[in-house]
Structures are given as C-alpha cells and as structure tokens.
1. Would you be able to say whether some residue in region 352-364 is more than 30 Å from Ser142 (Cβ to Cβ), within 23 Å of the chain's Cα centre (by Cα) and free of Cβ contacts under 8 Å to residues at least 40 places away in the same chain?
2. I'd like the full set of residues that are open to solvent by 60 Å² or more (accessible area, probe 1.4 Å) and outside any helix (DSSP H, G or I), limited to region 108-128.
3. Against the definition (in contact (Cβ under 8 Å) with a residue 12 or more places away in the chain, closer than 30 Å to Asp345 by Cβ, assigned to a helix (DSSP H, G or I) and open to solvent by 10 Å² or more (accessible area, probe 1.4 Å)), how does Val133 come out, yes or no?
4. Output yes when any residue across region 140-161 is open to solvent by 30 Å² or more (accessible area, probe 1.4 Å), among the small types (Gly, Ala, Ser), under 17 Å from the mean Cα position of the chain (by Cα) and at pLDDT below 90, and no when none is.
5. Determine if region 392-402 includes at least one residue that is at positive phi and more than 20 Å from the chain's Cα centre (by Cα).
6. Just for region 213-233: of the residues that are in contact with a helix residue (DSSP H, G or I) (Cβ under 6 Å, 6 or more places away or on another chain) and modelled with pLDDT under 95, which one is nearest to Phe395 (Cα to Cα)?
7. Count, please, the residues in region 162-198 that happen to be of a type in the set (Val, Ile, Thr) and open to solvent by less than 30 Å² (accessible area, probe 1.4 Å).
8. Based on this model, can you work out whether Ala353 counts as assigned to a helix (DSSP H, G or I) and closer than 23 Å to Ala145 by Cα?
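The values are calculated or read from the model by the stated rules, or taken from the named source; none is laboratory data. Just so it is clear, the structure is predicted and the values come from calculations on it, not from any experiment. Please note: Cβ atoms are built from the backbone with ideal geometry, for glycine as well, and neighbour counts cover all protein chains shown. Calculation scope for accessible area: heavy atoms of the full protein, side chains included, ligands and nucleic acids excluded. Shrake-Rupley method; radii C 1.70, N 1.55, O 1.52, S 1.80 Å.
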Amino acid sequence: MRVEHREPELDGAVEVRTPGVVAAGALLAIAVVLTALNLRPAITGVGPMLAEMRGDLGTSVVWAGVLTTLPTLCFAGAGLAAPLLARRAGVGAAIAIALCALAAGLVLRVLDGPAVVLGGTLVATAGIALINVLIPVVIKDSFPARIGLLTGVYTAALQGGGALGSAVTPRLGDALGGWRPALGGWAALAVVALLAWILAARGTGRAPRPADGAEDGRSLLRNRLAWIVTGFFGLQAFYAYAAMGWFPQVLMDAGVRRDDAGLLFGLVSLIAVPISLVVAPMAARQRGQSPWIVGLSVFGVAGTIGLMLAPSWSPLLWSILVGLGMSTFSLALTVIALRARTGADTARLSGMAQGFGYLFAALGPFLFGLLHDLAGGWTVPLAMLLGLLGVQMTFGALAGRHRFV
C-alpha cells in the first residue's frame, strides 16, 4: 500500500502535496495507529486473567507456560513468512488478512477448552507477527520523509495498547462476567482497525500491491549489515522479554509489595510512549542513529546495575531507568526502515530482523529463570543482562550508521 506523496528527504526529494493526497495520508496514518493498538492487548491481557483461566479450565503450569511462550515463537515463525505473503498478496492486503486472523483468533480462543485456547492464541499472534513485520514497510513506502515520526507514533500506540490490555482486561472481566468475554472483546478493536485499513486502501486510489522490486527474490541472509540489524533487534528484544517476565519478581523479592511491583512495571511500559514520540523522530532526522541507541542503552545498564546491587534502595528510579533502556525498541524499528532503500528491502530486512530476533528473544525469560535457579539469587541473571546490554550497544552502534543493505 502506498500513498503517492513526496516530502523532503535526506536526499533532497521535492515535496508534492495535494488536499486529496494529504487526506489519504492522514487516513492511512490513522489506520496504522488503530492497527498498532491491536498488537499487544491479545498478549498483555492474558497475564491478569491467567489464574482465572487455569481455575476454569483446570490446566497445569506447563500449559500456562506454553500459552505465554506462544506469542514470541509466533513472532519468529510468522515474521519470517511475512515477506512471502507480501510478495504474493501485496502489503496492504497482507495486513488486512493479518487483522482478520487476529480477530478470528481472539474469538476462537474463548469458545472452548485448553486446546482451543492455545489454537486461537496461535492464530491471533500469527496475525500480530505479520503486522509487526509489514507496518515498517508501509511507513517506508508511504511516509518516506516522516519515517521517524510515524515509527514513533506507531511504537507509542503499540506500547499504549499493551498497557491498556493489562489494565482494562481485568475490569472487562468484572463487567462482562469472566475471562472469556474480557479476552474475546478485544476482537472488536481488531475489526475497527480492519475497517480503517480498508478505507485507507480505498483512499489511496489504488489496490494494494507488492512492494516495488519484490519479485527479484533477493536474499539478505548473506548481507553483513542485515545480520547486524538483526542482532541489534534480537538483543534488545531478549532484554525486554527477560525484564517483562522476571523484573516484577525481582522487585518483590527486594521487599516491594505485589501491587506496587505491578504498578512499577506498568510504568516501565508507559515510559516508552513519550520516548517513542520524541526520540525516534529526532534520531531519524540525523544521518546516523548510533548515539541515540547507545545513550538509551546506558540508561538500561544503570537500571540493571541498580537492581543487581541495591534493588530496595530506589525501585522507582531503577524502573524508570530500565524503561528508558527498553525504549530502544522504537529505534530498532526506525533503523529497519532507514537501512533499506526500497519497500521490498524493508520487508525483507523487517522479516529477517524480527523473525530471527524474536526467536532469540524467546530464550530470554527461560535463561534468566534458569540462571536464577542455578545461582540461587538474582545477581547472576542480572549480570548476564548487563553483558548482553554491552553487546547490544555494539550492535546498535553499528546498525545506526548511515548505510544500506
């Protein structure tokens, strides 16, 4: 999908805008935001309802572990398949298909027992994974001079949707009578995004199509820069998923009450919203993004050291620092769009970075918990994350340089 307008780019492209083009671009931007709001509630809404789900379904801890691990594995598998779907159906049509899968999966998983819950979750998160990969392509093709701004808005909406999922789902359960309508109700938001996407496709005046040059079959698997970008994305995702899985427990073991630990980690997620809106556009306007990536990573280092050495001294400060460090996610998405010259290469790079990156990230919570059990404390797993952040800064500095795959 592409809105034909041109605005000033780093290479000096001429700005050509008409009222119809501006309206089409605004409609597409709204569709991107509504789509982004759908990409986390299906995942973050499960945590607060998990105990109720297990009690109702009579499931084991192993089942719960599979349910919470499925999204990351789907992000990896479906992410690698997204460029192929985009080549065959077109980017816009592929996103519409993914939204349909998301809505269908959300409804399916609340209709029956444990196996159906897992199957519905698989379908829903596969749709999310496809969208994760393809939205950067839409931003690259349709807003070439506003990559940082639109990526920031998209990331902020994504993070905000995640916060809504964890905060609103329990209240929906109380109001609607249980976990099934609470989780299934998020399908309505997916339908709204689908309708907006269809209207945006009509507003462009053309049918969705594959990205330019998608038919050439070029592979990035032997491209050094593509692997550097993939490494950066995977490292920041590994840290984020380990943090999301275990940092509340780290805080609770340091004496923070359970409810307060939940609020502090909610703050970690919300910090990314203003950072995405401000930092990503500023970084994208620069020739290179390396200083921004390293700078935000340093905050993560400071927060992790604080949790390791003095977790009870200032949990609020450590949470803020960790949240700033995790905000490199918006820059990881920005770098994917900026390191490719065409929409086709953006699709390939996005699929590669997110496919392999999320596969690596799935190890994060597992290794963190394993090291805790082996060492009998949190110092060793937190030290592992510190070492990983050092590697992340190296890969991020290389990925942020002004080059193209």
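1. No, because not a single residue in region 352-364 is more than 30 Å from Ser142 (Cβ to Cβ), within 23 Å of the chain's Cα centre (by Cα) and free of Cβ contacts under 8 Å to residues at least 40 places away in the same chain.
2. Those that are open to solvent by 60 Å² or more (accessible area, probe 1.4 Å) and outside any helix (DSSP H, G or I): Leu111, Asp112.
3. On the way: in contact (Cβ under 8 Å) with a residue 12 or more places away in the chain: yes; closer than 30 Å to Asp345 by Cβ: yes; assigned to a helix (DSSP H, G or I): yes; open to solvent by 10 Å² or more (accessible area, probe 1.4 Å): no.
Judged against the criteria, Val133 is not a match.
4. no
5. Residues of region 392-402 at positive phi: none.
Taking every residue of region 392-402 in turn, none turns out to be at positive phi and more than 20 Å from the chain's Cα centre (by Cα).
6. This residue is Leu220.
7. Filtering region 162-198 for residues of a type in the set (Val, Ile, Thr) gives 168-169, 191-192, 198.
Imposing the further condition that a residue be open to solvent by less than 30 Å² (accessible area, probe 1.4 Å) reduces the set to 169.
The qualifying residues number 1.
8. Working: assigned to a helix (DSSP H, G or I): yes; closer than 23 Å to Ala145 by Cα: yes.
When the stated conditions are applied, Ala353 passes them.
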